[in-house]
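Chemist: My questions will all concern the structure given below.
The values are calculated or read from the model by the stated rules, or taken from the named source; none is laboratory data. Since the model is a prediction, treat every value here as computed from it, not as a measurement. We place every Cβ from the backbone using ideal geometry, glycine too, and count neighbours over all the protein chains shown.
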Amino acid sequence: MSESDIEIVVDDPTAPEQNSPAVTSSRRIEIAVSLVLLALAATLGYDNWRTGIGWDSTGPQPGYFPFYLSVILAVASLYGLVKALLSRELALETFVTRAQFRRVMAVFLPTFAFCLVTQVLGLYVASFVLICGFMRFVGKIAWWKSLATGFIFTAAMFVTFDIVFDVIMPKGPLEAAFGY
């Protein structure tokens, strides 16, 4: 066997296990998404109908085009709903496994917490905590590297937005203590 025929296989130690049980099927997700989009279409359709979907002396009323777009969205949602209900393959197909769902939540929950913490502590402190947390707990990077990267990135964001471009960003008590 020559050296060019040798295959190097590198396993990802953080990859989800292959035999993880399914959390839900693709069919359930498609049904849920179709129902959410149908509800959105109904809400948009009603609101645009309320503002006027006809023509007046100057042309279409404000809700004319958005109303018909919501009708198209409703028809597409109904098509997706019927297709998902009639599909036997989607009922057997796994949408997400428990291990995959755990990995998604490892990103979603801190990001959601970041949005909430931004309201209380401000954008810069929340960004620093998010970057340090992701680097340390998800990336398994040393604390000193996580803290240094979080600080440098947050400082660069502060200089860029607040000083150079003078953009108003959500501030917290730490920025107020420094007079910003």
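Chemist: For Phe112, all conditions in the list (1) over 25 Å from Val23 (Cβ atoms); (2) loosely packed, with under 14 Cβ neighbours inside 10 Å hold save one; what is the number of the exception?
Modeler: Condition not satisfied by Phe112: (1).
Chemist: Name every residue in segment 88-117 that is under 19 Å from Phe137 (Cβ atoms) and either in a loop (DSSP other than H, G, I, E, B) or of a type in the set (Ser, Thr, Tyr) (or both), in order of residue number.
Modeler: Looking only at segment 88-117, we keep the residues that are under 19 Å from Phe137 (Cβ atoms), and these are 99-117.
Scanning segment 88-117 gives a single hit, Thr111.
Chemist: Sort out which residues of segment 32-63 are over 30 Å from the mean Cα position of the chain (by Cα) and either buried (at least 17 other Cβ atoms within 10 Å of the Cβ) or of a type outside the set (Ser, Thr, Tyr) (or both), and write them in order of number.
Modeler: Residues of segment 32-63 over 30 Å from the mean Cα position of the chain (by Cα): 49-62.
Of everything in segment 32-63, those that are over 30 Å from the mean Cα position of the chain (by Cα) and either buried (at least 17 other Cβ atoms within 10 Å of the Cβ) or of a type outside the set (Ser, Thr, Tyr) (or both) turn out to be Trp49, Arg50, Gly52, Ile53, Gly54, Trp55, Asp56, Gly59, Pro60, Gln61, Pro62.
Chemist: Related question: Within segment 137-145, can one find any residue that is under 30 Å from Pro21 (Cβ atoms) and out of contact with any Pro (no Cβ under 9 Å at 6 or more places or on another chain)?
Modeler: Step one: list which residues in segment 137-145 are under 30 Å from Pro21 (Cβ atoms), which gives 137-140.
Subset that is out of contact with any Pro (no Cβ under 9 Å at 6 or more places or on another chain): 139-140.
Within segment 137-145, one or more residues are under 30 Å from Pro21 (Cβ atoms) and out of contact with any Pro (no Cβ under 9 Å at 6 or more places or on another chain).
Chemist: Hey, another quick one. Please tell me if Ala99 is surrounded by 11 or more Cβ atoms within 10 Å (Cβ to Cβ) and without any contact (Cβ under 8 Å) to a residue 60 or more places away in the chain.
Modeler: no
Chemist: Taking Ala113 as the residue in question, decide whether it is within 30 Å of Ile31 (Cα to Cα), small (Gly, Ala, Ser) and not assigned by TED's automatic domain parsing to the domain that holds Arg27.
Modeler: The answer is yes for Ala113.
Chemist: Does any residue in segment 154-180 that is within 15 Å of Ser127 (Cβ to Cβ) and assigned to a loop (DSSP other than H, G, I, E, B) come within less than 9 Å, Cβ to Cβ, of a residue that is of a type in the set (Ser, Thr, Tyr) and at pLDDT below 90 six or more places away or on a different chain, and which pairs are these?
Modeler: Final answer for the pair search is Lys171/Tyr180.
Chemist: Can you confirm whether Ala84 is in a helix (DSSP H, G or I), surrounded by fewer than 16 Cβ atoms within 10 Å (Cβ to Cβ) and within 25 Å of the chain's Cα centre (by Cα)?
Modeler: no
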